[in-house]
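Participant: Can you read through this structure? Questions will come right after.
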């Protein structure tokens, strides 16, 4: 066994977190209306849309697929937003199963919000970025709902993930 953390393990960790938040938000639907200004959002539902939509867009970029326009993502309900995540996980899974994919090969990105340099990244780095982006935001959501008086019990640290031995 390698001591390195693999993209497959990060994908598993990401799935655990997404499953947790889907279940928690289904059980506590009032949280979806809770005010939130992270990532240009106004409430938790928009924030979740951002998290899962960004996952899908990164997966599509890494796979060389057409990138879904952000404006075409559904605003809700939660199940429709979770479908964005499932689509992203499907793309990531297919990419990880492709033995011919060059994970170290560089992709050139021309994104308006990105600094002019660097604009070339390995697929491996982009995949890790996408998965850590989600984890960072889930931790922010845990803090937000706890501060609003709705503790979630979210154990999002990698230490608690079943995806790693």
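FYI, it's all coordinate maths here, none of it is from the lab. Just so you know, these numbers come straight off a predicted model, no measurement behind them. Every residue, glycine as well, gets a Cβ built from its backbone with ideal geometry; the counts of neighbours run over all protein chains shown.
Participant: Between the helical axis of 7-27 and the dominant principal axis of the chain, each derived from Cα atoms, what acute angle in degrees is found, rounded to the nearest 10?
Facilitator: Roughly 20 degrees, rounded to the nearest 10.
Participant: Order of 42-52, 58-68 by packing, highest average Cβ count within 10 Å first?
Facilitator: Details: 42-52: 21.5, 58-68: 16.5.
Result, highest mean Cβ count within 10 Å first: 42-52, 58-68.
Participant: In terms of the ratio Rg/(2.2 N^0.38 Å) built on C-alpha atoms, what value belongs to the stretch 7-157?
Facilitator: Rg over 2.2 N^0.38 Å, computed on Cα atoms: 1.06.
Participant: What FRET efficiency comes out for residue 41 versus residue 2 if R0 is 41 angstrom and r is the Cβ-Cβ distance? Round to the nearest 0.05. Kindly include the intermediate steps, with their values, before the conclusion.
Facilitator: Numbers: r = 38 Å, r/R0 = 0.92.
Result of the calculation: an efficiency of 0.65.
Participant: Hey, another quick one. What's the angle, to the nearest 10 degrees (0 to 90), between helix 78-97's Cα axis and the longest principal axis of the chain?
Facilitator: The two axes meet at around 20 degrees.
Participant: I've got another one for you. What ranking, highest mean first, results for peptides 74-83, 9-18 when packing means the other Cβ atoms within 10 Å averaged over each residue? Each step should come with its number before you reach the end.
Facilitator: Working: 74-83: 14.1, 9-18: 20.3.
Top to bottom by mean Cβ count within 10 Å: 9-18, 74-83.
Participant: If you project the alpha carbons of the stretch 18-60 onto their three principal axes, what span does each projection cover, largest first, in Å?
Facilitator: Principal-axis extents of the Cα atoms in the stretch 18-60, largest first: 31, 23, 9 Å.
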